[in-house]
Amino acid sequence: MSSYGAWIGVLLAGWVGVIPLCWAQSDATIPDARTILKRGTIEAGGTVGYWEEFLFPTEAHSSSRRAVLMMPRIGVVVTDEVNAGMLSGNLAVQVEPVYGRFKNTFTGHGAGASLVLKYNLLSFGRWVPYWDVGVGVLWTDLAPRIAEDSSQVNFTLETGPGIQYYATTSMALTVGVRYHHISNAGVGERNLGLDAVLPYAGVSSILWR
C-alpha cells in the first residue's frame, strides 16, 4: 500500500506542479481553452487505462488483480466560466461507457457505464488541467468467484486529476489517473469491494461549439 500511496502522491504533486508550467505557456494565441470549451461545447473521445488493485491498511483480501479498461466518452460543458483566478474554469458532464478485461488466476470481464462530472481549468491556453468524479454501474463475472464480492451487478466510484493538451482547436490528447472503487453497496452476501489505481490516456475531438 505504501508504494501505491507514494506513486499516487507523486502523480498528484505532478498535477499540481503542472499548473504554473501551464501558466507560463498561456500566451499561446491558439488553440485556447476559453474559446474551445464554452458552455454548450460537445466533446467525444475515449481513453485506455491500466487498472491495478491495491489494499487499504484495514483490508485482508488479495491485491493481485489487474485489468485493461476501454472507456469511450461523450460530454457537454454545462456552465459558463467561474471566475476564480488561476482556478477559473467550468463544469462538464460526461457519459462514459466502460469495458474491462480482468486477469488474475482466471480471466474476467466487466461492462458498464459512469456519469462523470469534470471541472476544467481554463487559464492555461491550450493546456487544460482538470479534476473529475464519477459514479456508475458495472456488471462483472468476477463474482461469485472472488472472495471480495458475491454480486455480478456492482456500483463504481472514481475520482482523480488529469490534463488535456489541445493540439488543434478541435483535437486534444488526454492523460490522467483515478482512484477506482467497485462494490455491490451491501446488496450481496459479500462486499469487501475492490480498490484500484487507474492511470489512463486517450484522445478526444470537439463535435460542436
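The values are calculated or read from the model by the stated rules, or taken from the named source; none is laboratory data. Values in this document were obtained by computation on a predicted structure and should not be read as measured data. Cβ: placed from backbone, ideal geometry, glycine included. Neighbour counts: every protein chain shown.
Is it true that residue 194 is at pLDDT 95 or above, in contact with a strand residue (DSSP E or B) (Cβ under 6 Å, 6 or more places away or on another chain) and either over 20 Å from residue 102 (Cβ atoms) or among the aliphatic types (A, V, I, L, M) (or both)? When the stated conditions are applied, residue 194 does not pass them.
Taking residues in the stretch 34-55 that are of a type in the set (Asp, Glu), and partners anywhere that are part of a strand (DSSP E or B), the pairs with Cβ atoms closer than 6 Å and at least 6 places apart or on different chains are 43/75; 43/204; 43/206; 52/66; 52/196; 52/197; 53/194; 53/196.
Between 189, 158, which is modelled with pLDDT of 95 or more and acidic (Asp, Glu)? Result of the check over 189, 158: 158. Contact map, the stretch 181-204: first residue under 18 Å from residue 149 (Cβ atoms) and touching a residue at least 24 places away in the same chain (Cβ under 8 Å), second residue of a type in the set (Asp, Glu) and surrounded by fewer than 19 Cβ atoms within 10 Å (Cβ to Cβ), Cβ cut-off under 9 Å, separation 6 or more or different chains; pairs are 192/59; 193/59; 195/59; 196/52; 198/52. I'd like to check something: does the stretch 135-143 contain any residue that is in contact with a Phe, Trp or Tyr (Cβ under 9 Å, 6 or more places away or on another chain) and at positive phi? Within the stretch 135-143, not a single residue is in contact with a Phe, Trp or Tyr (Cβ under 9 Å, 6 or more places away or on another chain) and at positive phi. Residues in the stretch 56-87 that are farther than 28 Å from residue 196 by Cα and free of Cβ contacts under 8 Å to residues at least 24 places away in the same chain: 82, 83, 84.
Evaluating residue 126 against the criteria (1) under 17 Å from the mean Cα position of the chain (by Cα); (2) at pLDDT 95 or above; (3) of a type in the set (D, E, K, R) leaves one unmet condition, (1). Taken over the stretch 124-145, the criterion of being buried (at least 20 other Cβ atoms within 10 Å of the Cβ), part of a loop (DSSP other than H, G, I, E, B) and not aromatic (Phe, Trp, Tyr) is satisfied by 125, 126, 142, 143. Do we find that residue 10 is modelled with pLDDT under 75, in a helix (DSSP H, G or I) and under 16 Å from residue 120 (Cα atoms) in this structure? Here the answer is no, as residue 10 does not meet what is asked. Could you please let me know if residue 163 is at pLDDT below 95 and of a type in the set (Val, Ile, Thr)? It is false that residue 163 is at pLDDT below 95 and of a type in the set (Val, Ile, Thr).
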